[in-house]
Amino acid sequence: MKAKTQQGDPHPTEPGFRVVVFDMDGVVTRTADLHAAAWKELFDAYLRERERRGEPGFRPFDLEGDYLAQVDGKPRYEGVRAFLASRGLTLPAGDPADGEGEETVYGLGRRKDALFEERLRAQGARAYGATVALIEALRARGVPTALITSSRHGREVLEAAGVIGLFDVILDGVDAANLGLKGKPDADVFLEAAKRLGAEPGQGIVVEDAVAGVEAGRRGGFGLVVGVDRGGNSEALASRGADVVVADLGELTVETLAARFRERAKARAPEAAPALAARAWQVEQEGFDPAREHGMESLFTVGNGYLGVRGTLDMPLPGSQADLFIAGIYDRKQSSLPYSELEFLTGDRSDYAYSEIVSAPFPFGLEIIVDGQRLDLAQGPWRVHRRVLDLARGALQSHYLYEDDRGRRTRVEAWRCASSADPHLLLQEVSVTCENHESLVQLDTSIHEASLALDHPHLEPVQVDAPAGLDLRAYKTRASGYTVALASRAGLGGEQQDRVIWQAGGKAGVTVRLRRYLSVYTSRDGTEPVRAAAAHVLGKRFEDFERERAAHEARWEVFWAAADIECKASPATTQALRFNVYHLRIAADHDPRVSVGARSLSGRAYEGHVFWDVEVFMLPFYLHTDPDIARHLLLYRHRTLDGARERARSLGYRGACYAWESTVTGADTTPRRIVLKTTGKEIPIYTGYEQVHVTADVAYGVWRYWQATRDDAFLRGPGAEILLETARFWASRCIRGPRHYHIRAVTGPDEYHHTVNDNAYTNWMAHFNLEKAIWVGRSLALEHPERWEALAASLALAPEEIGAWEEIARELYIPAPNDAGVIEQFEGYFDRREYRPAEAERFRPPLERLFNAEEINASQLIKQADVLMVPFLFPEAFSREVLAANYRYYEPRTDHGSSLSPSVHAALAARLGLVDDARRYWRESLWLDLSNTMGNSALGVHAACMGGTWQALVFGFLGVRFTEDGPVVDGEAPRRLLEEWGEVALTLAYRGHRYPVRVAPAEEGR
C-alpha cells in the first residue's frame, strides 16, 4: 500500500516519534543476496557431505523458503540451529573457537562468515537510494537514527556503501556478542539502540525486512514497526506484527510515518481496550456492497441447529439468497441449482427424492414505507447501514439511516434471532424513528415469497385458512412430500389486535416499535405442522417478548461457558475463533435423524450433503464442548446404516459402506458428473464410487466418541453395530496379493487422483477400523456375552469372521516410509510428473483443475492433505523425523483446493516448530470465510474448515492429549504459540468433567 501526503505543505506537523532504528541488510544495504548465497553454499555443501557418508535425503537450501523462514535476520549460529532443526538434524554447539572445518554449530557458523566475506570483497555493497533519502529527511527534522545488524561485518558494509555517517548509533554482531545481547527475534539489540539514543521504545520506530526483526520490534514495544518486503514476504511480515508493509521506503515520508505512528498510538490507548474486547464478541459490516451481499448473507446467518436463516437484509432486495433451511428437509435435485460452485451443475438425478436441501421463504422479510416511500438499500435514500452479529447472544442487529432529498431522516433498528431455547421459534424486533419529521409509517410483515417457483423451486404452495391477523403459509416439497409451515404474528407498541400490515403516525423523535413471533414446523415434527405453527405463535404474549429473548440468551451463555476460546492479547483472533464456534453451534442440535451438511444451514453448496467432514473435522469440537451433540451426530450414522449396507451391496461388497455424500436415508447422493456451466463440458466424478475411506472415518468418529465419553451403552449398541458392519465391508473390499492384502481402485482425500491402489490414508484407516471392530467384538463376547450373542445373531456374524478380520488387519499393506522418511501417497505416486504449484495457484476452488482433470491426475499435484491426514488424526503415529520428512515433501506439492487442507498443515507445522508455516496456514484457515479466501462463501460457510481450525489450535499448537486425569498440554506448547495471541484460554470436556486449559507463551527461547 503506497502512502501519500499532501504536496506543498509549508508547515509539516511534528512527527510525534523521537527515534528510528533501521536494520541493515535488505533495508539500508543491498547485502541480503550475499548472505543468502553464503547460506546456500554452506548448507548445500554440508548436506551433500552427509549424503556422501550414507545419510540420504539431500534437498537443496531454498533461497526463498529456507532463507526467509530459518535464517533471515538471525545471528548466524541461531540460523544454523534453526535450519538444521527444520530438516530434523542436530549438531553439538562446539566452541566459539571452532574452525570452519568443525562439524559443530560454531564451525558451520564460522564457515558461513568466511563465505560472506569472500562475496563482500568480490562484489562490494550498495545502499538503497530511497532509504538514504528517508534517513536524510529524518535527520533534517532532528530525528536521530540507529542501525542494528546481526552481521559481524556491519561497519565494514556501511563503509563500503558510503552511509556509515548517517547513523548516531551502530550496533552490529560484534557489539551484541560483547554486550551479551540476544539476537532476533528477541528485542535486546533494538532496546539497547533506543536506550543509547535516549528514548523509550514506545517513542521509536523500527524498520525491518526480516520476520524475526519485525517480531523483535513488536516484542520490544516500539511505537511503530515498518516491514520492508523485498520479495514476496509481505504476508509474513504483517502477520508477525508489522503495522505497515512497503516494497520500498520510497513509499514513505516523514509525514506518513508520523501519521501511522499516531494511529498506532491511538489504537494502543488504554481506553480502547474495553472496546476491543467488546468487538471480539461481534462481527460487523459497515456500508453496503451489492457484489458482496451474498457472502454477507452467509456470514450473518442465525440458527439453532433445527433451522438456519441467512443474514438477508430486513428489507430484502431482488436477487437476495433469502433462504430458510430446516435440518432434514430435502427434495429431488433441481437441475437449475448449482452444486458446490456457481459454475458447477449436476443434472436432475430424479431417481432419489432426498437429493438436495430445500430452501424455504425468508421469514424475517419486511416492507417499510415512510410517507409513501419504500425504504431499502437499492433505491431508498440511505446514508448509513451497519450489521452486527452478536456472537455472545446469538443475534443479528441491523442499523439503517435514510435521508431524503428534503433532509428528512428516518432511522431503522432491527434485531432477530433463532431461539436456542425453543427450536421452532424465531424472534424479531424492528424500531422506526422519524428523527426530524412527522410521517405515516407502514410496516408490512407478510412472509416474503416473491417468485416462489424461481427462488424456492422445491416447494409448492398449500392453501390454508389463517386465523385473523396471522400470516400463515404452508408448502409441500414436490418429490419428498414434506409439509413446511411458517406462521408470523406481529404486534405494534401497546396494540392488542393482531395484524399483518401496521400503520402508525410517526412523530419526530418518537420510536415506532414492532415485535414479531415466527414459528416453523414440518411434517417431520408431527402430523399437523400447520396447526402446530399457528398454535405456537398464538400461544405467545408480546408482554413476554423480553422473557423469550432472555431464555434464548441464557442458553447461549451456558454454551459459551463450555465452548469459548480466547487469545488474551489478540481480540481479532479471538473474534474469528468465536465466529467459527458460533457457526458450528448453530449447525447442529440434538436430533439423531440429521447431521451437518458441508455448508451447514447457511447456504446451498453441496446441496446440503453430509460428508466425512463431520466425523473427522467437526466431531472433535463437539466432543469436547457439547458431547451430547456429538452422540446425536453419530446416531445419524446409525440410523442410516441400512443405506450404507445397501451401498455396499450395490458396489458388490458385504457389510456397510457409507456414502461419500448422504442426506436422509444414507443412500449415496454424490453426482456422477459435473457440467461446467460456461462451457457445457461434462466432467466425470469418481468420489461416489471410490472415496470409500468415509466408512472408516465414521468408525474413527465412533471410537473417538467412546474414548472421550466412556459411553459404554453407546459402544455396546449403535457403536458396535457400526464398527462391525464397516469392518465387514473392509474385509470384503480387500484383495489378497502374494504377500499382503490390498485395497485397489480408490480415491483418497486428495481428489485430484482417482482409481489408485493402496492409498496410504485409506489403508491406514481401514486397518484402524478392523482393529477396533475386532476389539469390540472380543470385548463384548468376554464381558457381555448375552449382548454379543444377540448382536451376532442380528448381524448374522459367524464366529470365524472376526478371525478372518484379524488375518486381514495383520497382513493389510500399510505403506512404510522410504529411505528419506516419506510415505508414498499411493502406488506409483512417486513416478508421476513433478508439479509444485505457484503461490497464485493456491487456496482456490479447483475450477481450473477440472478443465484438465486427467492431466492433473497424471501429475503429483495434490488438492489437500492426504498422507498428512494420518499424523493429523494420530499424532503418535510417526516419529518427528518421519513427520518432518513427509511435511517437507508433500507441502510444496499441495494447492489447498479444499478448505479442509490449511488447518491440517497448520497443526503439523506447529508440532514441527515451523512457526512461519504454522502461522500462514492457521491464518488461511481461521479467516477463510471472514476474508472469503476461496471466493465461494456466498454459498455457505465452510463448517469443516472451522472445526479443523479449532483442532489445529487445540491439538496442533497446544498439542493437547488426553489421559485418565484429563487433558494434558504438550510441554512445547508455550514456545509454539503465536506471539500476538498472548495467553490461550479454553475449556475442554472429557469423560463427564470440564477442564479449564490456560497456556501462556514462553518468556524464553522465542
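The values are calculated or read from the model by the stated rules, or taken from the named source; none is laboratory data. Fair warning: this is a prediction, and the values are worked out from it, not measured in the lab. Using ideal geometry, Cβ is built from the backbone for each residue, glycine included, and neighbour counts are taken over all protein chains shown.
Points worth noting:
- Condition check for Ala508 on (1) within 37 Å of the chain's Cα centre (by Cα); (2) farther than 30 Å from Thr669 by Cβ; (3) of a type in the set (A, V, I, L, M, F, W, C): one failure, at (1).
- Output for region 836-847, where each listed residue is of a type in the set (A, V, I, L, M, F, W, C) and not in a helix (DSSP H, G or I): Ala838, Phe843
- The number of residues in region 707-757 being charged (D, E, K, R) and assigned to a helix (DSSP H, G or I) comes to 6.
- For region 43-87, a residue qualifies if it is more than 17 Å from Asp172 (Cβ to Cβ), charged (D, E, K, R) and not in a helix (DSSP H, G or I), and the qualifying residues are Arg53, Glu55, Arg59, Asp62, Glu64, Arg87.
- In region 686-706, the residues that are in a loop (DSSP other than H, G, I, E, B) and surrounded by fewer than 24 Cβ atoms within 10 Å (Cβ to Cβ): Tyr686
- Just one of the numbered conditions (1) over 30 Å from the mean Cα position of the chain (by Cα); (2) assigned to a helix (DSSP H, G or I) is not true of Thr679: (2).
- Taken over region 578-607, the residue count meeting the criterion of being over 15 Å from Gly328 (Cα atoms) and among the hydrophobic types (A, V, I, L, M, F, W, C) is 4.
- Residue among Ala277, Ala322, Ala267 that is closer than 30 Å to His552 by Cα, touching a helix residue (DSSP H, G or I) at 6+ places or on another chain (Cβ under 9 Å) and modelled with pLDDT under 85: Ala277
- All positions within region 596-631 that are closer than 21 Å to Phe768 by Cα and in a helix (DSSP H, G or I): Asp613, Val614, Glu615, Val616, Phe617, Met618, Leu619, Pro620, Leu623, Ala630, Arg631
- Unique match (being within 22 Å of Ala322 (Cα to Cα), part of a loop (DSSP other than H, G, I, E, B) and either among the aliphatic types (A, V, I, L, M) or within 42 Å of the chain's Cα centre (by Cα) (or both)) among Ser446, Ser519, Ser488, Ser431: Ser446
- Every pair of residues 6+ apart whose Cβ atoms lie under 6 Å, when the first sits in region 890-901 and is among the hydroxyl-bearing types (Ser, Thr, Tyr) while the second is surrounded by fewer than 22 Cβ atoms within 10 Å (Cβ to Cβ): Ser898/Lys863
- Being over 29 Å from Leu939 (Cα atoms), touching a residue at least 40 places away in the same chain (Cβ under 8 Å) and not assigned by TED's automatic domain parsing to the domain that holds Ala485 is a property that Ala569 has.
- Residue ID - surrounded by the most Cβ atoms within 10 Å (Cβ to Cβ), chosen from residues in region 947-979 that are farther than 17 Å from Arg911 by Cβ and in contact with a helix residue (DSSP H, G or I) (Cβ under 7 Å, 6 or more places away or on another chain): Gly947
- Flag: His437 does not match the condition of being at pLDDT 95 or above, in contact with a Ser or Thr (Cβ under 9 Å, 6 or more places away or on another chain) and not aliphatic (A, V, I, L, M).
- Just one of (1) over 22 Å from Asp248 (Cβ atoms); (2) buried (at least 20 other Cβ atoms within 10 Å of the Cβ); (3) of a type in the set (Val, Ile, Thr) fails for Val169. It is (2).
- Residue tally, condition of a type in the set (Gly, Ala, Ser) and not in a loop (DSSP other than H, G, I, E, B), over region 215-271: 12
- Conditions (1) at pLDDT below 85; (2) outside any loop (DSSP other than H, G, I, E, B); (3) of a type outside the set (Val, Ile, Thr): number failed by Gly328: (1)
- With respect to the conditions (1) part of a helix (DSSP H, G or I); (2) surrounded by fewer than 22 Cβ atoms within 10 Å (Cβ to Cβ); (3) among the basic types (Lys, Arg), Arg593 falls short on a single one, namely (1).
- Any hit, region 99-106, residues being modelled with pLDDT of 85 or more and buried (at least 22 other Cβ atoms within 10 Å of the Cβ): no
- Looking across region 150-191 at every residue that is under 41 Å from the mean Cα position of the chain (by Cα), part of a helix (DSSP H, G or I) and free of Cβ contacts under 8 Å to residues at least 40 places away in the same chain, the one that is nearest to Arg975 (Cα to Cα) is identified as Asp188.
- Residue check for Trp556: in contact with a Lys or Arg (Cβ under 6 Å, 6 or more places away or on another chain), surrounded by fewer than 24 Cβ atoms within 10 Å (Cβ to Cβ) and at pLDDT 95 or above: yes
- Candidates Arg515, Arg499 - the one that is in contact with a Gly (Cβ under 6 Å, 6 or more places away or on another chain), over 19 Å from Ala421 (Cβ atoms) and assigned by TED's automatic domain parsing to the domain that holds Glu413: Arg499
- Test for Phe43: is it within 21 Å of Ala130 (Cβ to Cβ), at pLDDT 75 or above and not polar (S, T, N, Q): no
- Residues that are surrounded by fewer than 21 Cβ atoms within 10 Å (Cβ to Cβ) and outside any loop (DSSP other than H, G, I, E, B) within region 851-868 comprise Phe851, Ala853, Glu854, Glu855, Asn857, Ser859, listed in sequence order.
- Residues satisfying the stated conditions in region 17-42, i.e. within 36 Å of the chain's Cα centre (by Cα), not β-branched (Val, Ile, Thr) and not in a helix (DSSP H, G or I): Phe22, Asp23, Asp25, Gly26
- Residues satisfying the criterion are absent from region 765-781 (criterion: of a type in the set (Asp, Glu) and farther than 29 Å from Tyr829 by Cα).
- Only one of the listed residues (Glu528, Glu495, Glu460) is surrounded by fewer than 14 Cβ atoms within 10 Å (Cβ to Cβ), farther than 20 Å from Gly372 by Cα, free of Cβ contacts under 8 Å to residues at least 12 places away in the same chain and of a type in the set (Asp, Glu). That residue is Glu495.
- Here region 596-618 is the region considered, the condition is being more than 20 Å from Gly748 (Cα to Cα) and among the hydrophobic types (A, V, I, L, M, F, W, C), and the residue that is surrounded by the fewest Cβ atoms within 10 Å (Cβ to Cβ) is Ala605.
- Pair list, Cβ < 7 Å and 6+ apart or interchain, from region 236-251 residues that are farther than 21 Å from Gln70 by Cα and of a type in the set (A, V, I, L, M) to residues that are modelled with pLDDT of 85 or more and assigned to a helix (DSSP H, G or I): Val244/Arg260; Leu249/Ala130; Leu249/Thr131; Leu249/Leu134
Yes or no, residue by residue, for (1) assigned to a helix (DSSP H, G or I); (2) closer than 26 Å to Arg975 by Cα; (3) acidic (Asp, Glu):
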position: Arg849; (1), (2), (3): yes, no, no
position: Phe872; (1), (2), (3): yes, yes, no
position: Val882; (1), (2), (3): yes, yes, no
position: Asn886; (1), (2), (3): yes, yes, no
position: His905; (1), (2), (3): yes, yes, no
position: Ala909; (1), (2), (3): yes, yes, no
position: Ala918; (1), (2), (3): yes, yes, no
position: Asp929; (1), (2), (3): no, no, yes
